[in-house]
1. Filter the range 551-579 down to residues that are outside any helix (DSSP H, G or I) and in contact with a Gly (Cβ under 9 Å, 6 or more places away or on another chain) and give me whichever is surrounded by the fewest Cβ atoms within 10 Å (Cβ to Cβ).
2. So in the range 73-115, with the set limited to residues that are of a type in the set (Val, Ile, Thr) and either within 27 Å of Gln28 (Cα to Cα) or in contact with a Phe, Trp or Tyr (Cβ under 6 Å, 6 or more places away or on another chain) (or both), which one is surrounded by the fewest Cβ atoms within 10 Å (Cβ to Cβ)?
Amino acid sequence: MDKTKICSNRRNTIKTDLSLLLECLKFQMKCPDLQKQALLTIHSICEKREDNVDLLREMGGVAFVYNLSKSSIVHPDVKETALFTLGTLAEANVYCKNSLCKNEIFADLADCLMNEDIPLKQKRLSVYLLLVLVANNKLGQTLAQNSGCLDVLLNLFRATFPISTEATFRAANATQTYQLWTSVSSALCGCVNNPQNEEGQRICVAAFPVIKIWLQQLTFPQTEIFQPICTFIAMTVANNSCVQESFSACGGLETLALTLGRLASAADTSLLSCQLSVIISKTLSACITDNSSLASGLAQYGVVLHLFSLLASPHLDPEDRLPILLSLGYCTEASEKHQSQLIWCGGLPIIITLLTEDSSEEVRRAATFILQTCKKAKLQHTDMKNVIKAPVPYSRCAACVLPFEEVTSHTFESLQSSCHQSCDRHKVLREATKHFRMHHCRLVFEKEHQDPAEAERYSAAEPQQTCKNWTGPSEGEGKVINKNTLPEHRWRKHNGVTLVPLQRRAKKTTFVSHNRTDIEMGGRSGHHNNLQKIGLDHSSTKRKRKDFSCEEVGYLLSGVKTYGFSWNLILWSYPFQPGRTNVDLAKKYRRLMKRKAQDASRADS
């Protein structure tokens, strides 16, 4: 059978069905149950089917259903079902939506919402129809303002807030009151955004003072309460600097920042706190977008620190990284104080990790943007406790996130030398390495040179000069030393005392061959004794072994789960015992895994 004929037959069948259903609605006025069932059948036929809605509209069915919804002689259940069906029809067909966008219809909806005798469920369905008519519809937004519907919605938004005394006075109406409030919140969002309506945003500023009070009163946060409030704020302030300033002027922005600090501090241990913190961070982002003055003012509340702790939370959904990074980017772009806070709380290594490892292109772009905003940040120790208002548990530098397999004396030293913002622990390591080298350099020359005056002169060399770059006394200082007695040569001879990478220890045999001349000339005994002496001195400083406590094992396993095999990052992220190294962590983890495999093997056997 021809495809066109099949479609025509199907269309005629649906048209016949709709005609019969409309007849049932007209002639069964005394049977509300039949009318209700007919409306629900029309809903099922037309839901998400634009062509079927066109058929009903051409038959006059849309207008008849609307008249049924406002009739005074039909049962309340039939009115509610008619409103619900109208919303379905308008959602499915833009022509149907435009046909319902009339002044009289919006005026009728406003009267219904203001009438205290109307049941809460019927009000909620009226709000649902209003939402459909204003969503993605500039004409509907304008009619909502001109008819007074927007003002009525704002009054309902305040009066039906779920935790207010008036809204929950009767427990039987608590659920319906909450449903009405969430519907009103959604309708308000449709009136001010998508598309953006600046006049609607200006009118909704009137709700900001009471919203601030709500945020302060929510002692026990609930996602179902926070989400509508924050969505309304975000939609109302979006891309409107005047409304953003109004929200800040009434104290709303400060309240949001303080609420974020209260919830983000528990994001590591509470899934709910993490989810609510994400919601608030998205709202803050909308409040400061393209408004650098407001963004910079958030530095006094430590917003960057809270956002960073949220970014590191184990409960954070990977899909929520992007909005948090965007909020961080708006802050660091606006103020050097935000940049300094991000650097000092150890945020850059995490941002770099996201840049190199995250699978989302948008996340990588956001991370790149943050790094670019922090590129010119200048940190001064004397100006920082004014920058950072909240305590920082630890700070990281570039060496902290160096992969374990790349850690050698050479890579570590070169990275530390090029890093201007070293963490406190690595600063100590750098100083200790420097003094260690200088001490052994002087020790070698005191033994090699028998002239006491000459040894004293070498020992008094400039302390800031490292042994590696030491070239002996300058011209005119005294005795000229030949090439074979230069400190650089002698230092290389005793290089066994440095922090040589494990994979390069095989080069010690080559080193001996380079000094063959000294051995052949009778220096074997003295050279051997010197090395033995230095080896004994070095072994005497070997640190004592400390067993891992149960807490440390827990830190280790948690760190691997969070950061992978980045042993340095794990080491500085948890309170291990003093003296622990990244090598200790790696070895302990290997032993734990080996023991686990052995236990599993025994269990299988």
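1. My answer is Tyr574.
2. Ile73
Where a number appears in this text, it was derived from the coordinates with a stated rule and is not lab data. All values reported here derive from a predicted model rather than from experimental measurement. Ideal geometry is used to build each Cβ from the backbone, glycine not excepted, and the neighbour counts take in all protein chains shown.
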